[in-house]
Structure formats: structure tokens, C-alpha cells
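The values are calculated or read from the model by the stated rules, or taken from the named source; none is laboratory data. What you see is a predicted model; the values in this text were computed from it and never measured. Note: ideal-geometry Cβ built from the backbone for every residue, glycine included; neighbour counts use all protein chains shown. Protein only, heavy atoms only, side chains kept; ligands, DNA and RNA dropped before computing areas. Shrake-Rupley method; radii C 1.70, N 1.55, O 1.52, S 1.80 Å.
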Amino acid sequence: MAIFFALVMLSACNSPTKSGITKQPTLADYQVGEKWVWRYKGVTTEGEVRSDGRDIREIVSIDGVLGITIGNDTIPVTDIVKPDESETPKYDWPLKVGKKWKYENNWTSQDGTTGKQIQEAEILSYQEETVEAGTFMAYTIKYTGKTTNSRGYNANEEEVWLYAPEVKNFIKLTQTQGDFSYVEELIEYSKPE
């Protein structure tokens, strides 16, 4: 599941055209040394901290093939930029304000629990947004729906993702799922000059 979320996070967008439409990034949009650092924290309504830390990703070259480090793994960038053929994708490329679609995801966690996420997605705006890493033009994409799993979990959820084409990634994620709130924010972005 961690790899899925990693792919989702990196399936961001490239610069919008003059028509305000952003296409999915390609392999050529990434370069060795490009780096993203996010800070994340997840807390229950009772104040229990369930996650708190940093997530670091970097573009590397292994035997001439571009990859992205995700924890102890390195995933080929070609996997990240591969078009999603699903009829219910996380991102419905190209991105443009006002676009709506349905997102569905079936997953299995490391302990064997299976689950399903069903959400309605809508791109609400494209405007300047400021996070610790700086100010970027970003799409605001809102997902609203449910997550269920084989252990009887069933929760309404809302996610708001801010995607900055300049960094080909999200710069902030705010999620509420049942009694749990999660925020992840880009605190550093760098690339070789």
C-alpha cells in the first residue's frame, strides 16, 4: 500500500498550457538530484498521534535508469509516468479547473486486510498556494467518499490535495477519515540548476 501511495503522490502534474490544462508529466520532466521533503502528522479526535515524521523522495540514476527513492525502495520513474488506464483513476489527465470524475481503489495491506476506497473528485481551483517550501501555482483537488475494509471499518472521508505543476507533485494533503485527521506538507523542494 505504501508503494501505491508513493505512486499516487508522484503522479502530479507538469506546467499548464496557455489554455489552463495540465498534462501528465513525462520521463523527460524529471532529473537526477531532484528532491522533495514532506512533513506529515496524523492525529485522532482524542489527540492520539498515529503518525508523525518526514517523507523524502529523490530522483537517482541506477545504471543509467532514472528512479525515485521511496524509503528503502527505488521505483523506476517510468512506472510513475505510465498512463493510468483505469476508468476510475486517481488523476484524470489532463487536469483543468471544473473537471469531475470518480476514483476507486481496491487495496491489500501488509497484514492481508483488503479494502476499497470510492471517491468523487473535482478540481476546484488553480491559484497561488503557500506552504513551507514556498509559493507555487497549484490545483486544488477535492475527493469525497468512503473507505471500507475486510475488518468492518467503514468511514466517510474527505481529502484536499494541492498539486503544483512546477514540482510535479502535491505540496499539501489534508485528509479527514472518520475520527482521524492527517496533514502532509512540502517543506523542501530542490533540483540541480
Open item on the list: over 26 Å from Arg39 (Cα atoms), polar (S, T, N, Q), over 15 Å from the mean Cα position of the chain (by Cα) and not in a strand (DSSP E or B): is that true of Thr88 in this structure?
Closed with: yes
- [ ] Those residues that are buried (at least 17 other Cβ atoms within 10 Å of the Cβ), more than 23 Å from Ile56 (Cα to Cα) and charged (D, E, K, R), I need them from region 143-193; list them, please.
- [x] Glu157
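For region 85-107, enumerate the residues that are farther than 19 Å from Glu159 by Cα and either of a type in the set (Asp, Glu) or surrounded by 13 or more Cβ atoms within 10 Å (Cβ to Cβ) (or both).
Correct list: Glu85, Glu87, Pro94.
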Task: Condition broken by Lys168, with the remaining ones in (1) touching a strand residue (DSSP E or B) at 6+ places or on another chain (Cβ under 8 Å); (2) in contact (Cβ under 8 Å) with a residue 60 or more places away in the chain satisfied - done: (1)
- [ ] Please work out if Trp161 is at pLDDT 95 or above and under 18 Å from Pro25 (Cβ atoms).
- [x] yes
Open item on the list: Restricting to region 113-136, name every residue that is more than 29 Å from Ile59 (Cα to Cα) and open to solvent by 50 Å² or more (accessible area, probe 1.4 Å).
Closed with: Thr114, Lys116, Ile118, Glu120, Glu122, Leu124
Open item on the list: Being among the aromatic types (Phe, Trp, Tyr), at pLDDT 95 or above and under 15 Å from Phe170 (Cβ atoms) is the requirement here; does Tyr30 meet it?
Closed with: no
Task: Failed condition for Thr44, given (1) of a type in the set (Val, Ile, Thr); (2) surrounded by 14 or more Cβ atoms within 10 Å (Cβ to Cβ); (3) closer than 14 Å to Val183 by Cα - done: (2)
Open item on the list: Restricting to region 127-136, name every residue that is in contact (Cβ under 8 Å) with a residue 40 or more places away in the chain and more than 10 Å from Leu162 (Cβ to Cβ).
Closed with: Glu132, Ala133, Gly134
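Out of everything in region 19-32 that is farther than 13 Å from Val77 by Cβ and of a type outside the set (Ser, Thr, Tyr), what residue ends up being most open to solvent (accessible area, probe 1.4 Å)? Please lay out each step first, then the result.
Let us first name the residues in region 19-32 that are farther than 13 Å from Val77 by Cβ, namely 19-23.
If we keep only those that are of a type outside the set (Ser, Thr, Tyr) as well, we get 20-21, 23.
Details: Gly20: 32, Ile21: 48, Lys23: 127 Å².
So, considering only residues that are farther than 13 Å from Val77 by Cβ and of a type outside the set (Ser, Thr, Tyr), the one most open to solvent (accessible area, probe 1.4 Å) is Lys23.
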